[in-house]
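Take a look at the structure below.
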Amino acid sequence: MITVSPARDTTPTARPRPAPDRTARTRRRRTGSLAGLLLAAPFILLLIGTVLVPVGYAIYLSAFTDRLSGLGFGGPRQVFVALGNYATVLTDHDFLRSVGNVCLYALIHVPLMMGSALLLALLLDSAVTRFRQVWSLAMFLPYAVPGVITGLIWAYLYSPGIGPINAISPVDPLSGHGILGSIVNISQWQWMGYNMIIFYTALQTVPKELLEAARVDGAGEIRTALQVKVPLIRPTAFVALVFTIIGSMQLFTEPLILRTFTGAISSTWTPSLYVYESAFVANDYGRAAAASVILALASALLSALVMQLSTRRSR
């Protein structure tokens, strides 16, 4: 008797997919993190070496001062004074006067710089301007001149007897009444092209569709600039504003050069000159370090305030 066995089902069955390998996924994440860390390593090393270490050393120096031991025959010795140097700086009339000079300089320089650079950028971006590259290069060239050379050029232009500006100006540019305007003029001449290029580059990113729509609606060049272009580059304007404020707080080269041509600028006319005089003339490195830390904190607080205002305005 022959028995027939039932046919076997040879249809391949779908196998369940294996669960994702968590170990491999974790390994890929670690590899990606390591690659990102390696790419960021040069920046981190530069940040530590050029910013964090000098700032930390300045904070360390600001807590010490040199005092003579005994009758002075033993030479100076370093003494820990905690916040004593900060109290000395903040109660020093020369430092307070230098802060006042810088604040007055910033009140004139910052609005004038931002307004003139933005106006020039809008003129270059307008449809009526020709030879834009030539004009932008001509305005940017003063920024390429070193600050010391710029100060010397303008010092001779301001000097009586040899400078044409002194001959036609109703006020002596190197006198006590004209020195602030002279320094503002030098800063304008050197940095206006730099800020103009920043604004002009931002204007190139404005969508052409919006400009065409504004022209179709009958808006002229001035209305398009004020209501379309300027609002769209507001974040760039705030960044340029932060840089300009920080540069104003660190004013140093221009008064240092002009000081040799006039007696209207003292050795502590700005906070940076105060730091320079304290460190390299009076050899009081603790006081110089404390003034540097105060200046850095003031710049950081002003920058944070401007960025906070920028964030609120964007919202």
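Some notes on this structure:
- Residue among Tyr200, Ile162, Gly247 farthest towards the positive dipole end of the chain, charges placed on Cβ: Tyr200
- Residue exposure proxy: Ile186, Ile198, Ile48, Ile153, ordered by other Cβ atoms within 10 angstrom of their Cβ from fewest to most, comes out as Ile48, Ile153, Ile198, Ile186.
- Helical segments meeting 24 Å axial Cα length and Kyte-Doolittle 0.5 threshold in the chain (DSSP H): 93-125, 179-203, 285-314
- Spacing of the modelled spin labels on Asp66 and Phe140, each 7 Å from Cα toward Cβ, amounts to 4.6 nm.
- Label assignment, log10 I(q)/I(0) by the Debye sum over Cα atoms at q = 0.08, 0.09, 0.11 Å⁻¹ derived from the structure, set (1) -0.42, -0.54, -0.79; (2) -0.58, -0.69, -0.93; (3) -0.37, -0.47, -0.71: (2)
- The ranking of Tyr194, Tyr105 from fewest to most other beta carbons within 10 Å of each one's beta carbon is Tyr194, Tyr105.
- A simple spin-label model places the labels of Ile44 and Arg27 2.4 nm from each other, with each point 7 Å out along Cα-to-Cβ.
- Here the spin labels are modelled as points 7 Å beyond Cα on the Cα-Cβ line, and at Val51 and Met307 they lie 0.9 nm apart.
Throughout, read-outs are computed from the coordinates displayed, never taken from laboratory work. All values derive from a computational prediction rather than experimental measurement. FYI the Cβ positions are ideal-geometry reconstructions off the backbone, even for glycines, and counts take in every protein chain you see.
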